[in-house]
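Chemist: Would you mind keeping the following structure in view while I ask a few things?
Coordinate-derived values only; no laboratory data. Keep in mind that what you see is a predicted model, and the values were worked out from it rather than measured. We place every Cβ from the backbone using ideal geometry, glycine too, and count neighbours over all the protein chains shown.
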Amino acid sequence: MYGLPYICIMDYQKQHLRAWLMERPLIKVEALEEQAGCSKGTIRHLLKDRRNISANHLDSIGEILSIYGYIPLADE
């Protein structure tokens with residue numbers, strides 16, 4: 001399927017997003033999940049480092065959070 005470089009990039013992106021969200025506890029996770037089209041609990045599991053998140057969800061969450069100042073790892 002995907003090679004090792006893809007997995008590493010996804011992991012860095014996931015950790016970057018997770019760290020950004022952890023620094024901003026006032027962002028309402030449930031509203032973010034709804035707006036991003038994620039299943040309930042997806043972002044909460046991400047924050048607790050219990051589950052991986054799909055590339056599609058990462059992109060949609062990042063796009064929404066860019067309104068609040070989030071900068072994707074590739075753009076920093």
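Chemist: Would you mind ranking LEU46, LEU32 so that the residue whose beta carbon has the fewest other beta carbons within 10 Å leads the list?
Modeler: On the way: LEU46 23, LEU32 18.
Arranged by neighbour count, lowest to highest, LEU46, LEU32 become LEU32, LEU46.
Chemist: Which angle between 0 and 90 degrees, to the nearest 10, do you get for helix 55-65 versus the longest principal axis of the chain when only C-alpha atoms count?
Modeler: Helix 55-65 sits at roughly 40 degrees to that axis.
Chemist: So how strong a dipole does the range 4-75 carry about its Cα centre when Lys and Arg Cβ are +1 and Asp and Glu Cβ are -1, to the nearest 20 debye?
Modeler: That gives the range 4-75 a dipole magnitude of about 320 debye.
Chemist: Determine which aspartates and glutamates satisfy two conditions relative to LYS48: a Cα distance under 14 Å, and not lying fewer than 8 residues away in the same chain.
Modeler: Filter leaves GLU23.
Chemist: Can I ask one more? Stretch ALA55-ALA31 to full length: gain in nm at 0.36 nm per residue minus the Cα-Cα span?
Modeler: So the extension gain works out to 6.7 nm.
Chemist: Which residue, ILE61, ILE27, ILE53, has the most motion in a Gaussian network model of the chain that connects Cα atoms within less than 10 Å?
Modeler: Taking springs between Cα atoms under 10 Å, the residue moving most is ILE27.
Chemist: Between ASP11 and ILE67, what is the FRET efficiency for a Förster distance of 25 Å, r being their Cβ-Cβ separation, to the nearest 0.05?
Modeler: It comes out at approximately 0.50.
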